[in-house]
Structure formats: C-alpha cells, structure tokens
Amino acid sequence: MTDILNALALLGNFVIVPGLTYGSQLALGALGVTMIYAVLRFSNFAHGETMSFGAMITILVTWWLQGKGVSLAPLPTALLALPIGIIGTVLMCLLFDRFVYRYYRRQRAAPVTYLILSVGILFILSGLVRFVIGPQDRIFADGERFIMKARAFKEMTGLDQGLAIKTTQGVTVVTAVIVVALIFWFLNRTRTGKSMRAYSDNEDLALLSGISPAKVVSITWIITGALAAVAGTLYGLDKGYKPFTYLGLVLPIFAAAIVGGVGNPLGAISGGFVISFSELLLTFAYKRVIAYLTPGDWVPEGLVQLLATDYKLAVSFVILVIVLLVKPTGLFSGKTL
Amino acid sequence: MSLNLRNILLFAVMGALLIAVGVIQSANVALAILNLCLISAIMTLGVNIQWGYAGLFNAGVMGFAALGGLAAVVVSFPPVPDAWSAGGPRAILGVASGAFAIGLAILTWRKVPGSRQTRGWAAAAVAIAGIILMRFIIDPAVEAIEAVEPAKTGFLGGLGLPIVFSWITGGAFAALAAWGIGKISLGLRSDYLAIATLGISEIIIYFLKNEEWMARGVKNVNGLPRPVPYEIDLQQTVWVQELAATFGFSLVELSSIIVKLSYAGLFIVVLVIVFWLSEKALKSPWGRMMRAIRDNEVAASAMGKDVTWRHLQVFVLGSAVIGLAGAMLTTLDGIFTPASYQPLRFTFLIWVMVIVGGSGNNLGSILGGFVIWFFWIEAEPIGLALIEFLTSGMAVDSALRSHLIENAAHTRLATMGVVLLLVLRFSPRGLIPERSK
C-alpha cells in the first residue's frame, strides 16, 4: 500500500503538480489566441510577445512596489502589480488595433494579411521589451517559496517520496481558475458576452441585429490583453522571466488552441492541459514508479523514459500533427465562441 | 520603360550605400555585408516563390535554412573513421528502420481494408512499434559514436566532398522536409501551414541541437572546408604580396578582401541562376497557373486545377531554395552552430525582406534582401549614434542614459517591425511591385 502511495506521490510531484501549472499557463495563452481567432479570424503570432509585454510591466511595477517596501507576503508582490500589467497590456493591444488592424478591417483584408501584421507587431514588441528591461533573466517572485515543502509532506504522511508545491504553482492554478470562470461567466451570462458570441458565430447576422462591431472588437482586445498579461506574469513567476522564451511559447499555445478546436474557449483550456500533460507524461522517467509498483526489489535498468526531456517541445508538435491529420477541427470542433 | 529606370536607380542607391560603408567603415565590413545580402536575397527568392507565386505563408524558414547547414556538415566534413567503426553502420540501419516504419505506417493507413478508425489505430501501432525498434537499434550506436573523442569529434563526420556540393544537398534536405510538412498541412485552412511550419522549424533546431552523433549538436562543428583559398595561404602568395605593395593595403586586410570577393563571386553565380530559373518559372504557363490559383482558388479548382498538389509543388520548390541558401550561409561561416538559429533573424526577418522588396516580384525580393540586411546590420551603429546624440544632454553617469545606450542594439528589432507595418500600410506592393499583366 505504501508503495502505491509512494508511486503516486512521485507522480504527483513530477507530473501532476507541474502539469496543472504549465497547463493553466498554456490554457490562458491559448484562450487569448482562440478569442482573437473567433472574432477577428486570424492567428496572432504576436501573442507570445504580448504575454512578455504584460509580464514586463508587472515586473517593473513589482520593483517599484518592492522599492516602496510594499509586500503581499506570503504571496508574491507581483499579484499586486498585476492589475497595472493588465491595464498596460490592454492599452497596448487597443493602440495596435486602432493604428494597425482597424485600417485593414475596413478594407476587409485577407486573414493572412493580419498574420503578417502580427509579425510586424511581434518585432516591435520584442524590440521594445528588450529595450526597456533588457534581455537578461529576471526572477521577481518573492514571499513564501513553498506552500508545501517536500520534507513537510514526508513528515506528514510518513512516505519516502516528497511532494512539494511551490507558491507560484498554487498561485498559477488558483488565478487561472478565477480568470477562466470570469471569462465563461462573461461570455455566457452578460449581454456583451452574448453579442460577442453572436458576432463570432455569424458576423452579418450579428450586424443586422444591431451589434456594434467596433465594440465587439474592442472587448475582444481587452479580454485578450488581460489574458495575455495574466498568462505571461504567471509563466514568468513560475519559471523566471526571460524575454526570448515567450516566442517559443507560441508553438505550444497554438498547438493547444488547435487541439481543442480553434475559436472554442473550452477547447483552448482542455488543449492546454492535453499538451502539458502529454509533454510531462512522455518525458517522465518511470524508473522509480515502476520500482515501487512491482513487487520485490526489482528496479528497471534504464530510466524507462519514452522521450528524452530535450524533446518536450516536439511533443506539442507531434500532437498538433496528429490532430491535423485525424481531426483538423480539433476535439471540440472549433470556430464558435 | 520608366519602371526599369526606377529599378536601376533603386539598385544603384543600394550599391552606393554599400560603397559608402566601404569608405566610412572599411572594405572588409562592406564585403561582409554584401555576402550576407547575397545569401539573404536567395533566401528571400525562396520565400517569394512560396508567398509571391502562391500565397503560402511559411513560418519555418529557419528550419529549412538549418537543414541546409546540416547538409554542409554532412557533405563536406571529413569522415571520422573511429566513429564509423564504433557505430556507423548501426546508426544508418537505425535511421533506415525508422524511415521504413514510417513508410509502412503510411502504407497501412492507405492499403489495409477497414474503417477509418481501425486503419488509424493499425497505422499508429505500426509507427510506435517502428519507433521502439529504431530506438533499440540506434541507441547503442549513438552512445558509441558520441563516446569517440567527445571533445574533438564525437560524431560521424561527413563524406569529405567539396562543400559546394552541399548547396544542392541542402536544397534536397529542405525539399524533403517541406514535402512531409506540406503533405500534412496543405489543403487545410491557410494558417495551419503557418503554425505547422513554425513547429517543424523549432523541432528541426531541437533535433540538430540534441542529436550529437549527426553534427555535434550544441558543441558545433567548426573548421568546415572552404570553397575558396585561406587567408594564410594568400598572404604567402607572391601576386598578393605585390598587389598589397602596389596599392598600399596591409597584407592581412587584402587577403581577407580577396577571400570575401571570391565568396561574393560564387554567391552571385548562384543568385543569378536561381533568379533566372525563378523568372522563367514565373513567366511559364506553370507560373501563370500558380498566380491564378493564388488570386482565386475556387475558380482555379473549378477549372480543374489540383490546388493542393500545386501548392505542395511550389512549397517544396521554395523550401529547396531556402535550404540552398542555408547551406551557403554555413559555408560562408565555416562553422555550424545550431544554437544560432533564431526565428526572428531567420524566419521573420526574411519575411520583412519579401514584403518590403515586393511580394511576387523576384527582382524586388533581391532588393528587399539587400536593403533589409543592410539596415539590420547598420541599424546597430546608427541606433547607437542616435541614442548617444539624444541623450548627450544627460549627465555622463546617468543610469537612464547608460541603460539606453546598453540596450540600443535592441531597437533594430522594433525598427524592422515599424518598417514592415509602414510598408504594408502605405506601399503594400513593396519597393518593386509585381508586374500586372
């Protein structure tokens, strides 16, 4: 019995807790991508940099707060700074929409034009972020480091395996749950949310029934900006902020959105978790788990790892390819909000 | 034709800019920029074949260029006999078994009778069994190869052929990868190709970084053989010494100029050939058909054109050109560093070149490659000078000033973005627009 519990603790420590955290971050990112897709009908390549921008503002405000001696201990101070990060990112998104995208919307440009525009914005944002905060790594998590330390868990349960939960991991999951709940409440219960869904479902019909497209577009950018700022900050809190990693996040985020069905919020969230858990399950070394689960002292020779850890990124790509081959519309048959 | 005069003028300005750099900075700097301009121009031609001719968005330029770089190593580096005897044949057998398994899986999917679901599961089972078999064969071989003098070699080496052959091999590698990815993602919605190519390019880089037995991964392969003479040999040649004496150059500088000029000569030959072929293709019935498909897919398919197949064709061709340019780049560097491939520099910058030059126009692509590469390099000194000028009123030890100067180099990223957006807004057809018939 203890063997099984030990195996579970091991899995929990190395797969379930990190998987939930990373999955939440991906889900929030994919939700942003999917919203843009559903309403504005293009794949926003700049989304990773938007997340980076949001995290940067949050970090700057966090430093300022720390300088003033403000703290939210035991929680990270960044949570206090996050609202400003959200406002900054939303403003940035609205500015780019006003000065870049709006012109093309009026011309009814092809979706691929927007994609190229988003590449331009990707350049601007990545230059801006590196110019303001520099390309170095930044660790800005403060407060208590752990919710539960491995040793405390061992003492509590008497097991050999520890289960550690970092504060940033807890904060990530809780924040993600709150944000997702808010988004769904907004989309399903409020008048504006319903008008957004109507617009995404059938643009012409929505226009006929008096929905203002300008308003829908602005709301979409506000939500996307907010989601990006939250996702970027949470990712930075959890893994340390490095400007260049955010471009690399675009691939798993798109994979998550497509796996779930682009344009479908529920799909984006489940896609995020599908990607994160597949990455971890396929690159986890099962050696010790098998040792616990098999009777006697037998220990497998190799690491019993399906895929080298270096190929984490390849997992999201392979899943993407499988989805494209088998069911290009994704798990939840996308393109409606 | 007045348009022609305009083009000549544009290229003349570009040439004058390069000469100005030669005078102000040094001839070596100007030639270094020129060589990379030439390579960028070829890469841009490749992307233009995909985007300008057919409207396909390839976000994986970096991956195809890296495959070209791998080809340079595989073709030109002398073989490492110890590594070959340690595990060469076994590694090749492993790769072959992997390829065989994939082929068998595809065959299962196509030929085995039954519903979609059963065929799918059968194909997946074959593929997974094949991967396990491949790992079983290849893993010991990889370990043995990487153990051979890891500090110096630790990989199989190449074929030891002249590096120029790798330019064609690089094209072939990239074409093969493009065929695979095109098969999967063409025929679906247009942005799926963009996302799938973005993915494959990241995977290729990961693969090159981690598979040390192939090209040493992050340990890099340096000292690739050159298609042109070495500076050291030139410095001992009589005519070079005489030339240096006559013109008052230092010997070191002159030898380096000669090397760069020989590279430039080679690259110009390739550029002219690729350009000529692209123009031929564009003006042929095939090119007209591609443009017809680009401008109205529905109409073209109603006329009986197999749109997906034509897209696959053009995608493979364009990627082959990118692979060729990638191999040339590694040849010029003389070193293969997988970690140096960054999407901003290798994918999105090439896109800026295509758009700024003029999508659909080959001459425009060449100009775009030149102009953007030139400013990509020169934006750094210009930006730095500008910021130093703007902040000259501040105190010398001001923290803000030193921060701005320190990070000035990053402004070039933002500059490229602004240039791209401005061109798209005010001159969406680029510097040299596509000729409309």
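The values are calculated or read from the model by the stated rules, or taken from the named source; none is laboratory data. All of these numbers come straight from a predicted model, not from anything done at the bench. So basically every Cβ, Gly included, is an ideal-geometry build from the backbone, and we count neighbours across all protein chains shown.
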Query raised in the report: From the list B:S185, B:S166, which one is closer than 28 Å to B:G326 by Cα, in contact with a Ser or Thr (Cβ under 8 Å, 6 or more places away or on another chain) and within 14 Å of chain A (Cβ to nearest Cβ)?
Result: B:S185
Requested in this report: Name, by its number, the condition in (1) outside any helix (DSSP H, G or I); (2) buried (at least 22 other Cβ atoms within 10 Å of the Cβ) that does not hold for A:R108.
Outcome: (2)
**Report entry** Pairs where the first residue, in segment A:203-222, is in contact (Cβ under 8 Å) with a residue 60 or more places away in the chain and within 23 Å of A:L31 (Cα to Cα) and the second is outside any loop (DSSP other than H, G, I, E, B) and among the aliphatic types (A, V, I, L, M), C-beta under 6 Å, 6+ apart
**Finding:** A:V216/A:M196; A:T220/A:M35; A:T220/A:V39; A:W221/A:L94; A:I222/A:V90
**Report entry** Restricting segment B:189-206 to residues that are in contact with a Leu (Cβ under 7 Å, 6 or more places away or on another chain) and more than 7 Å from chain A (Cβ to nearest Cβ), the residue that is surrounded by the most Cβ atoms within 10 Å (Cβ to Cβ)
**Finding:** B:L193
Query raised in the report: So which helices (runs of 4 or more DSSP H) are wholly in segment B:340-414 and hold at least 3 residues that are touching a residue at least 24 places away in the same chain (Cβ under 8 Å) and within 12 Å of another protein chain (Cβ to nearest Cβ)?
Result: B:349-357, B:362-390
Report summary line: In segment A:32-59, residues that are surrounded by 24 or more Cβ atoms within 10 Å (Cβ to Cβ) and over 17 Å from A:V217 (Cβ atoms) total 11
Query raised in the report: Do we have B:V126 as of a type outside the set (S, T, N, Q), assigned to a helix (DSSP H, G or I), farther than 20 Å from B:M328 by Cα and touching a Ser or Thr at 6+ places or on another chain (Cβ under 7 Å) here?
Result: yes
Report summary line: Across segment A:283-306, the tally of residues that are surrounded by 18 or more Cβ atoms within 10 Å (Cβ to Cβ) and within 30 Å of A:L266 (Cα to Cα) stands at 2
Report task. Working carefully through the options B:T347, B:T308, B:T391, find the one that is over 27 Å from B:F173 (Cα atoms) and at pLDDT below 95. Result -> B:T391
Query raised in the report: In segment A:192-228, what residues are surrounded by 15 or more Cβ atoms within 10 Å (Cβ to Cβ) and of a type in the set (A, V, I, L, M)?
Result: A:M196, A:A198, A:A206, A:I211, A:V216, A:V217, A:I219, A:I222, A:I223, A:A226, A:L227, A:A228
**Report entry** Hits in segment A:229-248 (condition: buried (at least 24 other Cβ atoms within 10 Å of the Cβ) and within 14 Å of chain B (Cβ to nearest Cβ))
**Finding:** A:P243, A:Y246
Report task. Return the pairs, sorted by first residue and then second, in which the second residue is assigned to a helix (DSSP H, G or I) and basic (K, R), the first residue lies in segment B:11-22 and is modelled with pLDDT of 90 or more, the beta carbons are less than 6 Å apart, and the residues are 6+ apart or on different chains. Result -> none
Report task. Considering every residue within segment B:271-279, establish whether at least one is in contact with a Ser or Thr (Cβ under 9 Å, 6 or more places away or on another chain), among the polar types (S, T, N, Q) and touching a residue at least 40 places away in the same chain (Cβ under 8 Å). Result -> yes
Query raised in the report: Which residues, taken from segment B:169-182, are more than 10 Å from chain A (Cβ to nearest Cβ) and crowded, with 19+ Cβ neighbours inside 10 Å?
Result: B:T169, B:G170, B:G171, B:F173, B:A174, B:A175, B:A177, B:A178, B:G182
Query raised in the report: Within the bounds of segment A:133-148, is there any residue that is at the interface with chain B (Cβ under 8 Å from one of its Cβ atoms) and surrounded by fewer than 20 Cβ atoms within 10 Å (Cβ to Cβ)?
Result: yes
**Report entry** The one condition in (1) touching a residue at least 60 places away in the same chain (Cβ under 8 Å); (2) more than 19 Å from B:F207 (Cα to Cα) that B:K111 fails to fulfil
**Finding:** (1)
Requested in this report: Please give the number of the condition A:T89 fails out of (1) closer than 19 Å to A:V250 by Cβ; (2) modelled with pLDDT of 90 or more; (3) within 14 Å of chain B (Cβ to nearest Cβ).
Outcome: (3)
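One line per residue, one yes/no per condition, for (1) modelled with pLDDT of 95 or more; (2) closer than 24 Å to B:V259 by Cβ; (3) of a type in the set (K, R); (4) not in a helix (DSSP H, G or I):
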residue: B:F57; (1), (2), (3), (4): no, no, no, yes
residue: B:V73; (1), (2), (3), (4): no, yes, no, no
residue: B:P78; (1), (2), (3), (4): no, yes, no, yes
residue: B:W84; (1), (2), (3), (4): no, no, no, no
residue: B:G87; (1), (2), (3), (4): no, no, no, no
residue: B:L93; (1), (2), (3), (4): no, no, no, no
residue: B:G98; (1), (2), (3), (4): no, no, no, no
Report summary line: Of the candidates A:L72, A:L10, the one satisfying the condition of being touching a helix residue (DSSP H, G or I) at 6+ places or on another chain (Cβ under 6 Å), over 21 Å from A:M196 (Cα atoms), surrounded by fewer than 16 Cβ atoms within 10 Å (Cβ to Cβ) and in contact (Cβ under 8 Å) with a residue 40 or more places away in the chain is A:L72
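Conditions tested, residue by residue: (1) at pLDDT 90 or above; (2) more than 29 Å from B:W51 (Cβ to Cβ); (3) in the same structural domain as B:P225 (by TED's automatic domain parsing); (4) within 19 Å of the chain's Cα centre (by Cα).
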position: B:V321; (1), (2), (3), (4): yes, no, yes, yes
position: B:L329; (1), (2), (3), (4): yes, no, yes, yes
position: B:G369; (1), (2), (3), (4): yes, no, yes, yes
position: B:L386; (1), (2), (3), (4): no, yes, yes, no
position: B:S402; (1), (2), (3), (4): no, yes, yes, no
position: B:S436; (1), (2), (3), (4): no, no, no, no
Report task. Just give me the residues in segment B:207-227 being buried (at least 18 other Cβ atoms within 10 Å of the Cβ) and in contact with a Lys or Arg (Cβ under 9 Å, 6 or more places away or on another chain), in sequence order. Result -> B:G217
Report summary line: Matching residues in segment A:149-159 (part of a loop (DSSP other than H, G, I, E, B) and surrounded by 14 or more Cβ atoms within 10 Å (Cβ to Cβ)) number 2
